[in-house]
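Have a look at the structure below before the remarks.
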Amino acid sequence: GEDVEQSLFLSVREGDSSVINCTYTDSSSTYLYWYKQEPGAGLQLLTYIFSNMDMKQDQRLTVLLNKKDKHLSLRIADTQTGDSAIYFCAERGGSSNTGKLIFGQGTTLQVKP
Amino acid sequence: KAGVTQTPRYLIKTRGQQVTLSCSPISGHRSVSWYQQTPGQGLQFLFEYFSETQRNKGNFPGRFSGRQFSNSRSEMNVSTLELGDSALYLCASASGGYNSPLHFGNGTRLTVT
């Protein structure tokens, strides 16, 4: 079945790079997503990657995809205190236009000044 | 462009009552999906509506229902509330086309006492 796993917590120093990891099980997933959730808020779409890509870079964010191992990572360069939040990895369950996403449990990123 | 708007932000209800939550999607978006977020179960897909028709459904009891209007606005209804229905309910909209990413609102926090 569909399942997405993430580590629960990551702590880094301001200015360092953060790497958040995710594994998924559905080999038919076409798109994979990263969302950010700040306290009291909804989910903010950060970036997404198509399954035929290995890497995608967007300013401070780099997404790496290892399709063979079904492993996805999000690297945040020069992490700032404002990056402290919960980060969710998600795969699209089923067809590419479905509104159903399968989410991981979320990784809480703590950035220490 | 205005984002996804959910009303109300907070609700307190008593067991056995029913509740209706509202979601206005981003202008031009025809797909609206609903998710339940709890500390124990994480983010779970409830259902998706596209052009006033339910397109996908998650594994929730029939007490959870929804509908979509011709202007794409959507409502979600929960009848016979249980304590376990206390959660953050998130609405997401998308254009509905190939890989159209989901954009989330800030959610409605429902507390059942």
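Looking only at segment A:69-113, residues that are at pLDDT 90 or above and over 18 Å from A:GLN6 (Cβ atoms) come to 7 in all. Just wondering, is there one or more residues in segment A:89-105 that are open to solvent by 70 Å² or more (accessible area, probe 1.4 Å), facing another protein chain (nearest Cβ under 10 Å) and closer than 22 Å to B:THR38 by Cβ? Taking every residue of segment A:89-105 in turn, at least one turns out to be open to solvent by 70 Å² or more (accessible area, probe 1.4 Å), facing another protein chain (nearest Cβ under 10 Å) and closer than 22 Å to B:THR38 by Cβ. For segment B:60-82, the criterion of being open to solvent by less than 20 Å² (accessible area, probe 1.4 Å) and facing another protein chain (nearest Cβ under 9 Å) is satisfied by no residue at all. With a requirement of 1 or more residues that are farther than 20 Å from A:ARG92 by Cβ, the strands (runs of 3 or more DSSP E) lying completely within segment B:1-87 that satisfy it span B:5-7, B:10-13, B:19-24, B:31-38, B:64-68, B:74-78.
Of the residues in segment A:48-66, none is in contact with a helix residue (DSSP H, G or I) (Cβ under 7 Å, 6 or more places away or on another chain) and either open to solvent by less than 60 Å² (accessible area, probe 1.4 Å) or not in a loop (DSSP other than H, G, I, E, B) (or both). Can you find even one residue in segment A:33-44 that is under 19 Å from A:ILE102 (Cα atoms) and touching a helix residue (DSSP H, G or I) at 6+ places or on another chain (Cβ under 9 Å)? Yes, segment A:33-44 has at least one match.
A Cβ distance below 8 Å, combined with a sequence gap of six or more or placement on separate chains, defines the contacts here; from segment B:96-113, residues that are part of a loop (DSSP other than H, G, I, E, B) reach residues that are charged (D, E, K, R) in the pairs B:GLY96/B:ARG30; B:ASN99/A:ARG92; B:ASN106/B:ARG9; B:GLY107/B:ARG9; B:THR113/B:LYS13; B:THR113/B:ARG15.
Of the residues making up segment B:83-110, those that are within 14 Å of another protein chain (Cβ to nearest Cβ), closer than 17 Å to B:ARG9 by Cβ and open to solvent by less than 60 Å² (accessible area, probe 1.4 Å) are B:ALA87, B:LEU88, B:TYR89, B:LEU90, B:CYS91, B:ALA92, B:PHE104, B:GLY105, B:GLY107, B:THR108.
Among the residues that make up segment A:99-109, is at least one of them in a strand (DSSP E or B) and over 30 Å from B:PHE47 (Cβ atoms)? There is at least one residue in segment A:99-109 that is in a strand (DSSP E or B) and over 30 Å from B:PHE47 (Cβ atoms).
The values are calculated or read from the model by the stated rules, or taken from the named source; none is laboratory data. Not measured: the values here are computed from a predicted model. Backbone-built Cβ (ideal geometry, glycine too); neighbour counts: all protein chains shown. Each accessible area value is taken on the protein alone, full model and side chains, heavy atoms only, with ligands, DNA and RNA left out. Shrake-Rupley method; radii C 1.70, N 1.55, O 1.52, S 1.80 Å.
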